[in-house]
Structure formats: C-alpha cells, structure tokens
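Below is one structure, written out as structure tokens, with a few remarks after it.
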Amino acid sequence: MQISVDKKAPIFVALDTPNLNKAITIANDIKSFVTGIKVGPIFFSKNSIDKVNKFSEMNLRVFVDNKIHDLESIVLKSVASLNSECIDYYTIHTANGLKTLSKAKEVCVGMSRPIKLLGVTVLTSFDDSNLKEIGIKNKMEEQIKQLASLAQESKLDGVICDGKNIKSVKNVFKGELFVPGVRLNRDKMHDQNPSRSITPKEALDHGATFLVCGREIIEGNPRENIQKIINSLK
C-alpha cells in the first residue's frame, strides 16, 4: 500500500541533526506525507533560528523543541524572541509553574502570528525512580496529570506526554496532545523508557493529536520508514 498524498499523516518528524543539508534533504523527502518537523538543541547547536524558514517554505509546520525551563524573565524573553512567521509550536517545561506559563502564553498571544505553546510534562526517558531521585513523591501518572492541569489552567495550546498517559491527561487537559516515543518496534527504544511507549496506532486510538517520531524515521530510508508507520495506522 502506498502513502496517499491527499492527506498528511498527523506526524512531526524530529530532525535531530546539526547538519542543515541533511535536515533539508530529509524534510524534502517526507514533506508530502507528514504534518511537520521538530527541531531542537541538536539542530540549533550549528544553526540559527532563522534557518527554520527552510522547512516552512516546504509547507511543513515547524515545532521548535527547546523545552525552556529558567527564570521567568529569561523564559519570557526567549519566547518573545521567536516572533516569526516560520514557527508554529514551541515547548516550555510545565515545571516553570503557573505564573510563568500564563505570562509566556500572553507573550505568544501578542505576537503578529501567535506561536502555539506546548507544555512538557515528564521526559519519556524517566520512570518513578527518576522522579524520586529529584525529590518528587508523586508516581508518574499523578505527576503528569498535575503538570497537565497547570497547562490547562495557564491556557497552553498543547501538552507533550507519553502514550501510556494519554487517557489520564485528556481528563484534565483539553488542548492538543503531542506524543513522542511511539515505536513500531519496542526493541529499539534507544534512550527512552519502553514501559511508557505504545505503537503509533495505539497512540492515535487513545486520543493523541500528533505523533512525534525521530530515529525510527530518519535512520535508514525516511520515505520507506514513513510508509511503514502510515500503513500501520490503517
């Protein structure tokens, strides 16, 4: 079964490479089949923020994943610096707290083309023992729900959460849900926690708005890898 170009899959591809030419080549290869691309610290280690216009010119939505967590003044200046026609989404740690999250959202609303702000809950590499290490007594589901509630109260546009907690997050958050760490093959989890991963189809069936896929697509033949994932959604 070939990919239909009539409708793009609800997938953002993580272009975790510092090589701009490689990122552009991959984006060109998959632009007809996916909603957008995600770029973060690895990409920006060698590229300035203005380079993301290369992807928006391909009619791809751009998701800047810097997961900012800092002093309120730094967070607000960082968000304000993104006032761009080329950026659609930006991530902020919900652990910044309600006041900072709310002010960051206000900054986005005031932009000439408002960026959608996405709240990061708990990294998909974490488990309960990692939470305990940093002094958090909540179990994983409790902690994610608590942070998603902050995202709801501060009127963020979306939340990043793992596949296993989609249903519980939907009980407290009404915006878009971005789900990373989805895998067709759970034997290849790299640095992510396999106990928090589900398949792409399971994630969408549970209520994910978008999937975030990286190495499973960009390692090897990106177009063939995209086709495998899209076919699995049938």
Original post:
Any idea which of LYS116, LYS99, LYS103 is modelled with pLDDT of 95 or more, under 16 Å from GLU176 (Cβ atoms) and among the basic types (Lys, Arg)?
Top reply: LYS116
Original post:
Could you count how many residues in the stretch 140-189 are in a loop (DSSP other than H, G, I, E, B) and not small (Gly, Ala, Ser)?
Top reply: 17
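Any residue at all in the stretch 105-116 that's buried (at least 16 other Cβ atoms within 10 Å of the Cβ), among the aliphatic types (A, V, I, L, M) and either assigned to a helix (DSSP H, G or I) or in contact with a Leu (Cβ under 8 Å, 6 or more places away or on another chain) (or both)?
Within the stretch 105-116, one or more residues are buried (at least 16 other Cβ atoms within 10 Å of the Cβ), among the aliphatic types (A, V, I, L, M) and either assigned to a helix (DSSP H, G or I) or in contact with a Leu (Cβ under 8 Å, 6 or more places away or on another chain) (or both).
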Original post:
Restricting the stretch 118-134 to residues that are without any contact (Cβ under 8 Å) to a residue 24 or more places away in the chain and not in a loop (DSSP other than H, G, I, E, B), which is surrounded by the fewest Cβ atoms within 10 Å (Cβ to Cβ)?
Top reply: SER129
Original post:
Does the stretch 150-164 hold any residues that are out of contact with any Phe, Trp or Tyr (no Cβ under 7 Å at 6 or more places or on another chain) and surrounded by fewer than 24 Cβ atoms within 10 Å (Cβ to Cβ), and which are they?
Top reply: LEU150, GLU153, SER154, LYS155, ASP157, LYS164
Original post:
Which of (1) surrounded by fewer than 17 Cβ atoms within 10 Å (Cβ to Cβ); (2) part of a strand (DSSP E or B) is the odd one out, the single condition ASP70 does not satisfy?
Top reply: (2)
Subject >> Near pairs, Cβ below 6 angstrom, 6+ apart or cross-chain, from the stretch 90-117 (under 18 Å from GLY36 (Cβ atoms)) to any residue that is loosely packed, with under 14 Cβ neighbours inside 10 Å >> reply: ARG113/GLU85
Original post:
Pairs under 6 Å by beta carbon, first residue more than 20 Å from PHE43 (Cα to Cα) in the stretch 205-217, partner surrounded by 16 or more Cβ atoms within 10 Å (Cβ to Cβ) and hydrophobic (A, V, I, L, M, F, W, C), six or more apart or different chains?
Top reply: HIS206/ILE166; GLY207/ILE166; ALA208/ILE166; ALA208/LEU177; ALA208/VAL179; THR209/LEU177; PHE210/PHE12; PHE210/PHE178
Original post:
Which one of LYS188, LYS145, LYS174, LYS155 is modelled with pLDDT under 95 and among the basic types (Lys, Arg)?
Top reply: LYS188
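The values are calculated or read from the model by the stated rules, or taken from the named source; none is laboratory data. None of the values given here were measured: they were computed from a predicted structure. FYI the Cβ positions are ideal-geometry reconstructions off the backbone, even for glycines, and counts take in every protein chain you see.
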